[in-house]
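The structure appears right after this line, and notes come after that.
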Amino acid sequence: METVHFLIFIQFLASLVQGDVPVFNRTLSVMEFNPGCNASISPCKGNTMDTPNIAYTVAKGPKDSLHYVFSSIGAPTILVAKTTKTNMKLKVNWTKLLSDNVTDMKNSVQFSPTPDYSFAVVFTKLYEYNDTDDHANITQVPLLDKLNMSQWVVRDFKNFTWEDLSLNSDAKQNRAVFKTSMINVPFKNNTNSSVSFSMQVFGTDNRETIFPQLKYTANSTLIDLELNEVTPSFLQSRYAVEMVFLSGDGKAGIKESRSIDDEYTPGVFKTVDWKMDRHTSKQPQELGSFVQWKPVCYLTPDRDRQNDTKVKYYPSVNTTVVPQKSLAYAYYGDQLPTVVMSATNVSFGLEKDKFYNKFNYTVWTSVIGYGTPPADEISVLVIVVIIAGLGTPVLVIVVGGIYVCVKKKTKLKVKADFGAESSYSAIN
Amino acid sequence: MADLPDEKEPLLGDGNVQTLDEEEELTGCGGTLACDPRRWLHRFLVLILMCFLSFGSYFCYDNPAALQDTMVSDLQITTSQFMSFYAWYSWPNVILCFFGGFLIDRVFGIRLGAIIFSLFVTGGQVIFALGAMTNKFWLMDVGRFVFGLGGESLAVAQNTYAVNWFKGRELNMVFGLQLSFSRVGSTVNMNIMQPIYNLVDSHMPGSEGYTVLGIVLFLGAGTCIFSLVCALYLAYLDKRAKRILKKDDGKVGEVIRLKDLKDFPLTMWLICIICVAYYVTVFPFIGLGLVFFEQKFDYDPSAANAVNSLVYIISAGASPLFGFVIDKTGNNIFWVMLGTIVTLGCHAMLAFTFINPYVSMSIMGLAYSVLASALWPLVALVVPEHQLGTAYGIMQSIQNLGLAVVAIVAGSIVDAKGYLLLEVFFLAWLCVALIACVLLYLVDVSQGGKLNMSSKRRTLLEKSHEKSTEEEKKPL
């Protein structure tokens, strides 16, 4: 027992001194919506139902700054750039960015001077499939069923229309919410339907207070994907999203790790890390980027545990298909042939959970950031209870053992002094 | 005392030539081997009936554990609400364990008592199933409460029947057999309820989950009805045997006097603490085990249920064995300490490692058997015989109180903080039990070391005690 809690204690201490887990704070600038987009540029003026949305925050730390650009233009995108230069600025050429000509979009978004490192995550497609066999596995669902009816509805995020960012977001909290607007073509006439992405930047290490209580750091942003009353096309619908992870320098891979600790997400012992490690072999190893999540999503807005279900991921593949019309395309532009792109699908649901149709709701949280993905450590409470709980009987045994030994010695001494049995069988 | 039946003779021996009363002539079917209460085959058949008397109650007691994942999702309840099914079973028994003997001896009599308690068990399970079918959580809690009113008292009735029919050398074997049957009932429940649920579910597509659940629980009530039939038949046979053999009704015989409590020594209270602190780490854990094994070890429901039932099935076989061994060796406190430490190790394994749970659950089953076989006999060593009824009563009362409270607390811990913290909670309770155990040893040592004696020394002591009392009686 002693070895066990000793090891845990050491792990706890070690996690505190890990060099690459940031224990510093960053100061965040107030989030800007559509920087540089003024009324003189035609798509920027007025109140269109399909608004161009860019949210921009700078997280300034002691050694470097991270620039976050969130956008729903083309496809929901998170673009992060790291620089040590304090004067780096985001420059958006709105006319080119919003032009109908796709080639004009290239390089319309730039940072000047160029950042040291950048990466982007793009949500490209929303899949809906008819899970007639209730396996909750997208690789086991054929395109057509026996009657030649399609079992799939594939929606490209580039066809979605989005509400004005400022309506749903909170600039002071550095939280941008991209919500599909009511007249979305892919959805049936349900005015409550929406797909929304909430993206929030943090300047400190902490943990969200609602499930799945993911840990975030000063180097990361929390992404919530919510499918709210999206009218299902089938009686046994399930959803999945396709994501692309891009970086100018990296190699990507998905790894699932398991832990004994489920304190923060009761019942969930696994964490999935989709890491983009740096390709260069410079020493000390430079930090890459990651997308992290726990394989759990919730079927009610309350996120209660009795209605949670599994999130499955599938092996990532390297791709060369560029998510066009997205911010990533606009930023990487001409560099795209050399950019590393890794794509994967993430599906929501588990067999026997009665499908999306039960509640018509799903919410999934992930953390996207720079550097090493945060790791859960066993909380102090557990360690204290273990040490107190296991230490006390040991103490009692030691003290009791001493007492018994002392008693036996005095008994022997008495025996030696009187030369006779000092204990005799009681009469009564 | 000369008429005391010798241990070698069967209880209801024939050939009692001194009886001048007319013995009833058994004709026809009644005179055959199987129907004659004097013959072994009849008593064997009665034994079978007795064993099945509480089969239904043990089967249905753990229905929630076997169906935890579907219950939580179909009824939309939290883990804490789920554990209230166990808490409501224990609440009535905090008080009822004092009255079970009284009700059987003075109010109902053994035959009617067994039937009434069986009715409560069956009725409770039916109400429970009805509550599930109509998606009324409060009704399910009521059902478990009614079930609890019958469950523990039925076990007392079963023991009373056993003592009445099998007093003497066969009694220990009968007790062991009854307990094993009950544990088998629990194991069967764990392993078949999910497949039954799936079967019913597949035949009723499109129906609400809670309707399927209700139907499955009604099927569970079938085992209770079977036990009720056994109770009825047993009552008939017992009455008949009473008439034929002119024997007395079975009595529990234990008198409960609450004023005895002030006489209980410190060792008795330490034993109670060990009892409650230990048992709350076994039964609530099994209640919550299904989802734990599903989620931590990635087991599917049937594998998770199989692992969860290991403690029961192993104790079904190991309890009689360890009972025999511990009776032979004595040193009860060391055995209790061993059982506690080993269980501590098992919970630590489950909490901090991913070692195959078959290992830890099997070992836990053995440790549980060791502790149960070593702990309960200690009560008879610290408390005089006329106070034993009260002693067992208070021990069971505290045990049920602990189970009721810890069930709810455990459920809340899982909802809020997950399974690692739940295991740490159980480890803390085992530490309490261990401390109480060490204190018990120390107190006992300071009082002469009576409790932890090997059985050899104990018999020597008893013999010298008898001899010295005989010596006293001789005139000077």
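Per the listing A:Trp293, A:Trp274, the residue uniquely within 30 Å of B:Gln81 (Cβ to Cβ) and open to solvent by less than 20 Å² (accessible area, probe 1.4 Å) is A:Trp293.
Residues that are on the phi > 0 side of the Ramachandran plot and not small (Gly, Ala, Ser) within segment A:350-395 comprise A:Lys352, A:Lys354, A:Phe355, A:Asn360, listed in sequence order. If the condition is being touching a residue at least 40 places away in the same chain (Cβ under 8 Å) and in contact with a strand residue (DSSP E or B) (Cβ under 7 Å, 6 or more places away or on another chain), then segment A:74-107 contributes A:Ala75, A:Pro76, A:Thr77, A:Ile78, A:Leu79, A:Val80, A:Lys82, A:Leu90, A:Lys91, A:Val92, A:Leu97. The condition (being of a type in the set (Asp, Glu) and more than 24 Å from B:Ala410 (Cβ to Cβ)) is satisfied by just one residue among A:Asp302, A:Asp205, A:Asp261: A:Asp205.
Can you name the residue in segment B:61-91 that is more than 14 Å from chain A (Cβ to nearest Cβ) and over 20 Å from B:Phe218 (Cα atoms) and, of all such residues, is most open to solvent (accessible area, probe 1.4 Å)? Checking each candidate, the answer is B:Trp91. Is it true that some residue in segment B:336-352 is under 30 Å from A:Asp262 (Cα atoms), outside any helix (DSSP H, G or I), within 14 Å of chain A (Cβ to nearest Cβ) and at pLDDT below 95? No, every residue in segment B:336-352 fails to be under 30 Å from A:Asp262 (Cα atoms), outside any helix (DSSP H, G or I), within 14 Å of chain A (Cβ to nearest Cβ) and at pLDDT below 95. Restricting the search to segment B:214-255, which residues are at pLDDT below 90 and closer than 17 Å to B:Val163 by Cβ? Matches in segment B:214-255: B:Ala241, B:Lys242, B:Leu245, B:Lys247, B:Asp248, B:Asp249, B:Gly250, B:Lys251, B:Val252, B:Gly253, B:Glu254, B:Val255. Filtering B:Leu461, B:Leu440 for residues that are buried (at least 22 other Cβ atoms within 10 Å of the Cβ), at negative phi and within 11 Å of chain A (Cβ to nearest Cβ) leaves a single hit, B:Leu440. Only residues that are of a type in the set (S, T, N, Q), surrounded by 18 or more Cβ atoms within 10 Å (Cβ to Cβ) and more than 23 Å from A:Asp131 (Cβ to Cβ) were counted across segment A:366-392, and they come to 1. Within the option set A:Lys89, A:Lys106, being of a type in the set (Lys, Arg) and closer than 11 Å to A:Leu327 by Cα holds for one residue only, A:Lys106. Screening B:Ile398 against (1) in a helix (DSSP H, G or I); (2) open to solvent by 10 Å² or more (accessible area, probe 1.4 Å); (3) within 14 Å of another protein chain (Cβ to nearest Cβ); (4) more than 30 Å from A:Pro212 (Cβ to Cβ) leaves a single unmet condition, (3). Go through segment B:425-437 and give me each residue that's under 14 Å from B:Met337 (Cα atoms) and facing another protein chain (nearest Cβ under 8 Å). The answer is B:Cys431, B:Leu434, B:Ile435. Considering B:Ala277, B:Ala231, the condition of being within 26 Å of B:Ile394 (Cβ to Cβ), small (Gly, Ala, Ser) and out of contact with any Asp or Glu (no Cβ under 9 Å at 6 or more places or on another chain) is satisfied by B:Ala277 alone.
Among the residues making up segment A:348-402, those that are within 30 Å of B:Asp300 (Cβ to Cβ) and either aromatic (Phe, Trp, Tyr) or facing chain B (nearest Cβ under 9 Å) (or both) are A:Phe348, A:Lys352, A:Asp353, A:Lys354, A:Phe355, A:Tyr356, A:Phe359, A:Tyr361, A:Trp364, A:Ile378, A:Val382. Is it true that some residue in segment B:348-366 is touching a residue at least 24 places away in the same chain (Cβ under 8 Å), under 17 Å from B:Val276 (Cβ atoms) and surrounded by 15 or more Cβ atoms within 10 Å (Cβ to Cβ)? No - not one qualifying residue is present in segment B:348-366.
Exactly one residue out of A:Val102, A:Val109 is modelled with pLDDT of 90 or more and open to solvent by less than 50 Å² (accessible area, probe 1.4 Å), and it is A:Val109.
As a summary of the residue check, A:Glu263 satisfies the conditions (1) within 14 Å of another protein chain (Cβ to nearest Cβ); (2) within 22 Å of A:Asp304 (Cβ to Cβ); (3) in a strand (DSSP E or B) except for the one numbered (3). If you check B:Gly418, B:Gly411 for being assigned to a helix (DSSP H, G or I) and over 26 Å from the mean Cα position of the chain (by Cα), only one passes: B:Gly418. Quick one: A:Ser257 ticks every box in (1) surrounded by 14 or more Cβ atoms within 10 Å (Cβ to Cβ); (2) within 30 Å of B:Lys296 (Cα to Cα); (3) not hydrophobic (A, V, I, L, M, F, W, C) bar one, so which box is it? If we test A:Ser257 against (1) surrounded by 14 or more Cβ atoms within 10 Å (Cβ to Cβ); (2) within 30 Å of B:Lys296 (Cα to Cα); (3) not hydrophobic (A, V, I, L, M, F, W, C), just (1) comes out false.
Here is a yes/no grid of residues against (1) of a type in the set (A, V, I, L, M, F, W, C); (2) at pLDDT 90 or above:
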| residue | (1), (2) |
| --- | --- |
| B:Val126 | yes, yes |
| B:Asp141 | no, yes |
| B:Ala157 | yes, yes |
| B:Val163 | yes, no |
| B:Leu177 | yes, no |
| B:Arg183 | no, yes |
| B:Ser186 | no, yes |
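The residues in segment B:241-251 that are surrounded by 14 or more Cβ atoms within 10 Å (Cβ to Cβ) and outside any loop (DSSP other than H, G, I, E, B) can be counted, and the count is 4.
A single entry from A:Leu235, A:Leu299 fulfils the requirement of being open to solvent by 40 Å² or more (accessible area, probe 1.4 Å), within 21 Å of A:Val141 (Cβ to Cβ) and within 11 Å of chain B (Cβ to nearest Cβ): A:Leu235.
Among the residues of segment A:393-413, those identified as open to solvent by 60 Å² or more (accessible area, probe 1.4 Å) and more than 20 Å from B:Ile274 (Cα to Cα) are A:Ile402, A:Tyr403, A:Cys405, A:Val406, A:Lys407, A:Lys408, A:Lys409, A:Thr410, A:Lys411, A:Leu412, A:Lys413. Of all residues in segment A:309-347, those that are open to solvent by less than 40 Å² (accessible area, probe 1.4 Å) and within 11 Å of another protein chain (Cβ to nearest Cβ) total 1. Scoring B:Ala380 on the criteria (1) under 19 Å from B:Ile274 (Cα atoms); (2) open to solvent by 20 Å² or more (accessible area, probe 1.4 Å); (3) away from chain A (no Cβ under 14 Å); (4) in contact (Cβ under 8 Å) with a residue 40 or more places away in the chain leaves a single failure, condition (4).
Rundown of residues vs (1) free of Cβ contacts under 8 Å to residues at least 12 places away in the same chain; (2) open to solvent by less than 30 Å² (accessible area, probe 1.4 Å); (3) closer than 30 Å to B:Gly323 by Cβ; (4) among the aliphatic types (A, V, I, L, M), yes/no style:
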residue	(1), (2), (3), (4)
B:Asn93	no, yes, yes, no
B:Gly100	no, yes, yes, no
B:Met133	no, no, no, yes
B:Met173	no, no, yes, yes
B:Leu177	no, no, yes, yes
B:Val184	no, no, yes, yes
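Summed over segment B:193-217, the residues that are open to solvent by 20 Å² or more (accessible area, probe 1.4 Å), touching a residue at least 24 places away in the same chain (Cβ under 8 Å) and closer than 23 Å to B:Asn308 by Cα give a count of 1.
In summary, B:Asp36 fulfils each of the numbered conditions (1) more than 14 Å from every other protein chain (Cβ to nearest Cβ); (2) in a helix (DSSP H, G or I); (3) acidic (Asp, Glu) with the single exception of condition (2).
The values are calculated or read from the model by the stated rules, or taken from the named source; none is laboratory data. Source: prediction; values computed, not measured. Reconstructed Cβ throughout: ideal geometry from the backbone, glycine too, with neighbour counts over all protein chains shown. These area figures cover heavy atoms from the full protein model, side chains too; ligands, DNA and RNA do not enter into them. Shrake-Rupley method; radii C 1.70, N 1.55, O 1.52, S 1.80 Å.
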